[in-house]
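The values are calculated or read from the model by the stated rules, or taken from the named source; none is laboratory data. Please read these numbers as outputs of a predicted model, since none were measured by experiment. Cβ coordinates were reconstructed from backbone atoms using ideal geometry, including for glycine residues, and neighbour counts include every protein chain displayed. Only protein heavy atoms, including side chains, enter the accessible area calculation; ligands, DNA and RNA are left aside. Shrake-Rupley method; radii C 1.70, N 1.55, O 1.52, S 1.80 Å.
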Amino acid sequence: MSETQQVFGAEAQDLEGRTLSNRELLRALLRKPQFDICLVLVLTFFLMAAVPRLFTSADPRFCELTKSQHGREPGHPFGFDIQGCDYFANVIYGARPSVLVSLVAGVGGFVVAGILGLLAGYFPGLVDTVISRIADVLFALPGLIALIVILNSVPNRSIWIIVAIIMVTGWPQGMRVMRSTVFSVRNREYVLAARSIGATPVRILRKHVFPNAMAPLLAMTTLGIGGLIGLEAVLTFLGVGLQPPSISWGSQFGVATSYRETPHLFIWPALFISTMTISFMIIGDSIRDALDPKLMR
C-alpha cells in the first residue's frame, strides 16, 4: 500500500470515527429525560410558529370591544385583550415572529461566526488581524444600547432587518470561540496529513477542521438562542423591535404594562417566553455536557 493510500485510509478512518461519535452523542442526549422534554417543547413551539391554525381556529384580529380585558370563557382559555381579541389566538400567532427572529439570528450567527472563526484561526497573519480587529470594534459597542440606537434609526423595522442587525452586532463572541478551537485543531495529525497529499485549504477546512472544531460554538449557539428570544421581546417592549400590526410576545408585554389590573395579559406571553428560553438553555447545557471531553467515558 502506497503512502498516499495510507493517508487516505487514515482520513476515512477518522471520518468514520467521527460519524460513530455523532451517533453516540445523539443516543446519549436522547437518554436524558430533560433533553427529551425540552426537545418536544421546542418542536411544539416551532410547529406553533409554522402552522398556528393547528392550535387555534380563532382569528387574532377579530375583536369585540364589549369583551375588552375579560377573563377566560368557554372557547377562550386565555381571555381577551384590551381590544376584545381572543388572547389565546394572539399568543399562538405571536410565536411566529419571536421564534423566527431568535432561530434565524441564532443559526445565521452560527454560520457567520463559524466562517470568520475558521478563516481567522486557520490563516494567522493578515486575515486573522483584519477579522480580529473588526471584532474588537464591535465588542467595544455597548451591547443592548447599540442595538437600541441602530434600530431606532431604522424607519421600517421588519423581522429580517432586526435579524440582520442582531447578526451583524452579535458574531464576534462566537468567532473568538471558533478561532481559539481552530488554533488547537489546525496542527493535528489528520490536518497535516491532508496538507501533505495536496488537499486544498477549502477541503481541509470543510472536511477536517470545521467538523472537529464546531462543538463549542454549537453548544454556545444553542444556549444563545434562548437569550435571543428574550432579546426580541425586550427590543419590542422598548419600542425598537417589531412594529404594528405585527403580533409578537414582546408587543404583548408592552401592552400589558399599561393594564396591570388585568394580569392575564402579562402572564401568558411571559409563560411562553420563559418556557421556550429555558428549554433552549437546557438543550444547550445538555449538548455542552455531552461534548465535554472531561465528562465523556
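Can you name the residue in the stretch 46-67 that is of a type in the set (S, T, N, Q) and assigned to a loop (DSSP other than H, G, I, E, B) and is also surrounded by the most Cβ atoms within 10 Å (Cβ to Cβ) among such residues?
Result: 56.
Name every residue in the stretch 68-87 that is open to solvent by 70 Å² or more (accessible area, probe 1.4 Å), in contact with a helix residue (DSSP H, G or I) (Cβ under 8 Å, 6 or more places away or on another chain) and either at positive phi or free of Cβ contacts under 8 Å to residues at least 24 places away in the same chain (or both), in order of residue number.
Correct list: 83 only.
Identify, from the list 196, 132, 153, the residue that is touching a residue at least 12 places away in the same chain (Cβ under 8 Å), farther than 20 Å from residue 227 by Cα, open to solvent by 60 Å² or more (accessible area, probe 1.4 Å) and not basic (Lys, Arg).
One residue alone meets the criteria, 196.
Take the residues in the stretch 176-193 that are over 16 Å from residue 120 (Cβ atoms) and out of contact with any helix residue (DSSP H, G or I) (no Cβ under 7 Å at 6 or more places or on another chain), then tell me which one is surrounded by the most Cβ atoms within 10 Å (Cβ to Cβ).
Residue satisfying both the conditions and the ranking: 188.
Do we have any residue at all in the stretch 68-86 that's in a helix (DSSP H, G or I) and more than 30 Å from residue 205 (Cα to Cα)? Before the answer, list the steps.
Going through the stretch 68-86, the residues in a helix (DSSP H, G or I) turn out to be none.
No.
Enumerate the helices (runs of 4 or more DSSP H) found wholly within the stretch 115-206, keeping only those where 3 or more residues are touching a His at 6+ places or on another chain (Cβ under 6 Å) and at pLDDT 85 or above.
Correct list: empty, since no element meets the threshold.
Got a sec? Which of 115, 165, 145 is open to solvent by 20 Å² or more (accessible area, probe 1.4 Å), closer than 14 Å to residue 210 by Cα and without any contact (Cβ under 8 Å) to a residue 40 or more places away in the chain?
Criteria check complete, one pass: 115.
Could you list, in sequence order, all residues of the stretch 233-243 that are assigned to a loop (DSSP other than H, G, I, E, B) and open to solvent by less than 30 Å² (accessible area, probe 1.4 Å)? Before the answer, list the steps.
Initially, the stretch 233-243 is screened for residues assigned to a loop (DSSP other than H, G, I, E, B), giving 238-243.
If the condition is that a residue be assigned to a loop (DSSP other than H, G, I, E, B) and open to solvent by less than 30 Å² (accessible area, probe 1.4 Å), then 240, 241, 242 are the ones that fit.
Among 108, 121, which is the only one that is within 24 Å of residue 210 (Cβ to Cβ) and in contact with an Asp or Glu (Cβ under 8 Å, 6 or more places away or on another chain)?
Within the list 108, 121, the selection yields 121.
Okay, residues lined up against (1) open to solvent by 20 Å² or more (accessible area, probe 1.4 Å); (2) of a type in the set (Gly, Ala, Ser):
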site: 210; (1), (2): yes, no
site: 215; (1), (2): yes, yes
site: 219; (1), (2): no, yes
site: 223; (1), (2): yes, no
site: 231; (1), (2): yes, no
site: 245; (1), (2): yes, no
site: 253; (1), (2): yes, no
site: 265; (1), (2): no, no
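Conditions: (1) open to solvent by 70 Å² or more (accessible area, probe 1.4 Å); (2) modelled with pLDDT under 85. Residue 25 meets all but one. Number of the miss?
(1)
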